[in-house]
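The values are calculated or read from the model by the stated rules, or taken from the named source; none is laboratory data. It should be emphasised that the depicted structure is a prediction, and the values quoted were computed from it without experimental measurement. Please note: Cβ atoms are built from the backbone with ideal geometry, for glycine as well, and neighbour counts cover all protein chains shown.
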Amino acid sequence: MKIRASTTSPEIIDVACGIGRNTVKPDLRVTSVTVAMVCAGFIAGPGAWAAGPASPAVGVQTGGNPGGTLKERIATDNVMPAVTVTGSRISSYTDETSSSTTRTDTPLQDYPASVQVVPSEVLQDRGVTRINQIADNVSGVHAEASYGGNGATFFNIRGFSESNGLRDGFRNYGYYAFRDVQNIDRIEVFKGPAGALYGGIGAVGGYINTVSKRPEPGNFGEVGLTAGSYGLVRTTIDVNRALNDDLSIRVNGSAESNSTFRDNAGYKSWSIAPAITWTNHHGTSVTLLTEYNHLNRDGFDFGIPAVPNYQSLSRTRYYGLRSGAYSGVDGDYGRNDTLSETLLFEQELSSNWKLRLSGQYAYARQHSTQSFPDSTLPTGNLLDYSVYSGANEFSRQYSARAELVGTFVTGTLKHALLAGVDYGYLEVGSGGSAVSTMTLDLFNPNYLSGLTPSDPLPGHQGRGADYGVYVQDLVDLTSQIKLLVGLRADRFINQADEAGEPTGRGQQTTFSPRVGLVWQPTASTSFFTDWNRSHAPNVGHSGGNVTYDAEVAEQIEVGVKQELIKNQLNASVALFNINRNHILTPDPTNPVLEVLTGKQRSRGVEVDIAGNITPRWKAIVTYAYTIAKVMSDNTFPVGDALSNVPRHSASLWTVYQLQSIPGLQVGAGVYYVGPREATLPNTFKLPAYVRTDAMASYQRGPWKTQLNVFNLFNRKYYTGGSAATFDYTLMPSVPLSAQVTVSYAF
């Protein structure tokens, strides 16, 4: 890694390096080496550049007068000599802000809400290749089984299943949108409802925002090849080029083939994500992000049926329609295509104010034939299945936003204001499909029943539009107390169609307020509390062909954020209570339609610790205690626990870089998930489990080799979830597996 710098003003060095103040300006960051490292050389002179704990091999070359420190020579010549720094950087597991999610540059220590950031270093060290792995190191967040193995985004956050997340700050409807992880720069997790900012996104427990990689100044790139268990072969590429001082482009891509440990569940996928950024270096910038993902599955894998004796069933057998089982009948399959376009414009209006305009278009399509059980109550060993052939499901989204961001002072109060208007449109539906029924013997894969035609499923659509206006003000009441107030007004317009004809229409105006308070008795400690109410439109189709009013969620949260080691290790503890009302869920008698349930509540405690214990030792520790249950309902028993929500869960991930062998680092992770209900209504529990992962990597020059081992002790466990598979099925854990990645940086 190299950095070259030159200037004609020694005062700039004083400001950037904090000479005389023994501080480093936090917003001056260098990709290759930290400003602190460069400043150490400026202050102490060339002799300070020696190999040390923070950099195993660091060298410096300087021009100008040979004597004195760099600062003395700058003061004498009034010219800063060219400086070349070469070294290996120790990555960090912390991030000071979550600007793509909070939509401000407010430090997380000053923000009255629980927000966790998973930097790209964590994803790289853990060898993440699938979306369901991205949030394993965030408290209170658990991946759920996807929709037939389509890699869509289903997570349980603070006790609630979420199929809606964020992509670059815009809604990411998760049922059909397969996205590869190659183009993800970092993960930002906002805990709890956030209607005051996002309006009708549709999430209650929280938002997982996947932030795309952006073009950067300079030229760099990396190519990688991964090979692993069960036929995994994966190639990746990341190339960034500065076409001139104003224009940069970046292209990320991947291709993967994977047989998986499950029968008839292999897949092939590829993705391409070009991006371009233009800036005039005077406050104006434009960025265009484009991404296309394709996934082709051999089957439509729902795992195994969620029957009480599920542990006796084969973990590898495909429970569905296999090609050739019936003469002339093709088996289950799935094809997903996802396209997204995001345009970001920013204009500085003054030193304190900026205007942001942005928009996104996203389209996802799923063609499939899919089989799933009609119930979880078999007759002996026999269980009836429904087969939906030639299903054509899709989602289409349009989003646009205009925001004004700035700071101002009224009397003794300093304000950080965010104000904006936005528009969101979501259309989801199905073109219909032929329907057949069959019966499977759960213990005899050779059993063959008849394939009986049934009534076809008609096409149906749900359309939702959201017109929003919002304002948020973070006020410094004193040097230690900050007040956050926000209010959003939404106009929701929903429509349901069947067979191309409107069957229901609804309109609703809602107001979503938010109030938060931060008290900072010391520079390293922040106590916070937050209350907010959110509304999420129910965009879908019901058995009665009507639309519904918006879902309502209310949260109160208190907590503390503590800097354990300055600029290195941070901790947060939060207590929360979420009440959820007017909930739209899949119809238990027909999982392609939806009905309302009643009220649910989730409350608990979460702990997150992340950062560098020493310059060579990184770690993330999490713990969550969550109780989520039904408070009232016409269908589910009051007091039943929500499915897939462990009362206790915890994780530890740590990586250490060996000093005795430069370039070598080793790491391990332990993940605990306690017992949780498999279904709602509650019928049986999934037992607790502990999974252990391990890694080792060695980097020499531009080459890096990394080994990741997953489920080291081959633990057997199962994942359920109401959002993804409607409590009908369970996904067995991947057995002991490993992958090796070789990458070359240039």
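Computed quantities for the displayed model
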| quantity | calculated |
| --- | --- |
| The range 615-632: number of residues that are surrounded by fewer than 18 Cβ atoms within 10 Å (Cβ to Cβ) and either modelled with pLDDT under 95 or part of a loop (DSSP other than H, G, I, E, B) (or both) | 4 |
| Among the residues listed as Val645, Val655, the single one being β-branched (Val, Ile, Thr), crowded, with 17+ Cβ neighbours inside 10 Å, touching a helix residue (DSSP H, G or I) at 6+ places or on another chain (Cβ under 8 Å) and assigned by TED's automatic domain parsing to the domain that holds Asp301 | Val655 |
| Verdict on Thr679 being outside the structural domain of Gln124 (by TED's automatic domain parsing) and either acidic (Asp, Glu) or assigned to a loop (DSSP other than H, G, I, E, B) (or both) | yes |
| Failed item, numbered, when Arg186 is tested on (1) buried (at least 21 other Cβ atoms within 10 Å of the Cβ); (2) under 17 Å from Asp168 (Cβ atoms); (3) not acidic (Asp, Glu) | (1) |
| All positions within the range 664-676 that are buried (at least 17 other Cβ atoms within 10 Å of the Cβ) and not in a strand (DSSP E or B) | Gly674 |
| Evaluation of Ile583 against (1) farther than 30 Å from Ile481 by Cα; (2) modelled with pLDDT of 95 or more; (3) of a type in the set (Val, Ile, Thr) (one fails), failing number | (2) |
| Number of the condition not met by Phe511 [criteria: (1) without any contact (Cβ under 8 Å) to a residue 40 or more places away in the chain; (2) of a type in the set (A, V, I, L, M, F, W, C); (3) farther than 30 Å from Arg396 by Cβ] | (3) |
| Condition met for Tyr230 (out of contact with any Leu (no Cβ under 9 Å at 6 or more places or on another chain) and part of a loop (DSSP other than H, G, I, E, B)) | no |
| Single match in Asn164, Asn209 (criterion: at pLDDT 90 or above and among the polar types (S, T, N, Q)) | Asn209 |
| Within the range 200-227, tally of residues that are within 15 Å of the chain's Cα centre (by Cα), in a strand (DSSP E or B) and small (Gly, Ala, Ser) | 2 |
| Some residue of the range 417-434 being assigned to a strand (DSSP E or B) and over 27 Å from Gly169 (Cα atoms) | yes |
| Check on Ser257, outside the structural domain of Asp136 (by TED's automatic domain parsing), touching a helix residue (DSSP H, G or I) at 6+ places or on another chain (Cβ under 8 Å), hydroxyl-bearing (Ser, Thr, Tyr) and closer than 20 Å to His294 by Cβ | yes |
| Failed criterion for Thr235 (all others in (1) assigned by TED's automatic domain parsing to the domain that holds Trp270; (2) crowded, with 24+ Cβ neighbours inside 10 Å hold) | (2) |
| Unique residue being surrounded by fewer than 16 Cβ atoms within 10 Å (Cβ to Cβ), over 23 Å from Tyr623 (Cα atoms) and in the same structural domain as Glu606 (by TED's automatic domain parsing) when the list is Val690, Val638 | Val638 |
| So Tyr176, is it modelled with pLDDT under 95, closer than 17 Å to Phe394 by Cα, over 13 Å from the mean Cα position of the chain (by Cα) and not charged (D, E, K, R) | yes |
| Qualifying position, being touching a strand residue (DSSP E or B) at 6+ places or on another chain (Cβ under 6 Å), in contact (Cβ under 8 Å) with a residue 12 or more places away in the chain, among the small types (Gly, Ala, Ser) and surrounded by 21 or more Cβ atoms within 10 Å (Cβ to Cβ), among Ser139, Ser146, Ser120, Ser100 | Ser139 |
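Table: residues versus (1) buried (at least 18 other Cβ atoms within 10 Å of the Cβ); (2) at pLDDT below 95; (3) not assigned by TED's automatic domain parsing to the domain that holds Phe394.
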{"site": "Asp530", "(1), (2), (3)": "yes, no, no"}
{"site": "Pro537", "(1), (2), (3)": "yes, yes, no"}
{"site": "Gly544", "(1), (2), (3)": "no, yes, no"}
{"site": "Glu563", "(1), (2), (3)": "yes, no, no"}
{"site": "Asn567", "(1), (2), (3)": "no, yes, no"}
{"site": "Ala574", "(1), (2), (3)": "yes, no, no"}
